[in-house]
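Report on the following structure.
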């Protein structure tokens, strides 16, 4: 409750949206186990012995596991349904496009090592389809994990997703490890009613049912996309790209580019990382097609909405910069990299910013660029089709 309410409160205060994608589904499971766990242990014995039996406890545990595993299963279903044929995503999605994009956005952990980045890119290019097939099958088979709990260790796949895609799903990895550890401590194993409860909860997680909607994660990784980021502007008008981690609690939202998701004339529609949900974007990916050729859109700002967004962003940057100046004076530079979230910045990609004295910064540019990305010799090739900036003074 605290985590959820705190994010909503910070959003209201700062005016900059805070994402809940990294904790939303964890909170569902945690709140369910807390409420029903207290009920079966403290309240149920006062009502009826049947309600307080160990069988009921096992069923509650099974539903809790199902709430979590449903996110994998229904994301697998989403990948099957996103294209014109069930196998379309597995054969046509170019997952390797994430590598140049995440290097440019500063979150790929191996992005500062050119030869390793190129090796990863080439390897993913070669094994793209087999890996996509494995991802879909693993997610679909998540519904059967409760039958053999050690199979939940498939989530170690997320380590590879972080290394090659910059997406660090640490809460999900941690959650799966705790489920595995708790289940293996039961000498008799999970009971049949626990397994039935788990599978039932997974099936009831279908978003279309609206009971407890599971994650529905499926998109196409495209090479032509919009980058949204901040640049620090110094007293001598020099600009330095700023890591999303610098924005601490808002780092995940800044990495998603929430401050620039509105439609911009002549630019690709803003998406999270190099993703798209439309077939036309996927089929023309890599062709560097003009943004005007696509119908994909988010929303067009009215004059009032634009002024309101800019005022909120000005206030946020102004007060955040002051806070970070105080932190720099107290503990030195770089402490912001210790903030854990789904898109941690790679500090080795921000050497210029790491050497920057925040007292020399007079403002920030919000940058929105539509770029055709490529990778050669581990270096990102950028063809900028359109660029828009907004300056925010912090002095």
Where Rh is the Kirkwood radius over Cα pairs, Rg/Rh for region 53-209: 1.04
Ignoring solvent entirely, what values of log10 I(q)/I(0) come out of the Debye formula for region 220-393 at 0.10, 0.14 Å⁻¹ when each Cα is a single scatterer? -0.41, -0.81
Mean separation of Cα contacts under 8 Å (at least 6 apart) over the residue count of the chain, i.e. the relative contact order in percent, is 22 percent
Find the Rg to Rh ratio for region 203-295, where Rh is the Kirkwood radius over alpha-carbon pairs and Rg uses the same atoms. 1.08
Given all pairs of different Cα atoms, what value in angstroms does the Kirkwood hydrodynamic radius of region 27-72 take? 10.9 Å
Among (i) -0.65, -0.94, -1.00, -1.23; (ii) -0.37, -0.79, -0.90, -1.31; (iii) -0.27, -0.74, -0.89, -1.42, find the value of log10 I(q)/I(0) by the Debye sum over Cα atoms at q = 0.06, 0.10, 0.11, 0.15 Å⁻¹ that was calculated from the structure presented, and write down its label. (iii)
On a 0 to 90 degree scale, rounded to 10, what angle separates helix 128-140 from the longest Cα axis of the chain? 40 degrees
Value at 222 nm in deg cm²/dmol, rounded to 500, when DSSP H runs of n ≥ 4 in the chain each add -39,500 (n - 2.57): -14000 deg cm²/dmol
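Values in this text are rule-based calculations from the coordinates and carry no lab data. The shown structure was predicted, so the numbers you read here are calculated from the model rather than taken from an experiment.
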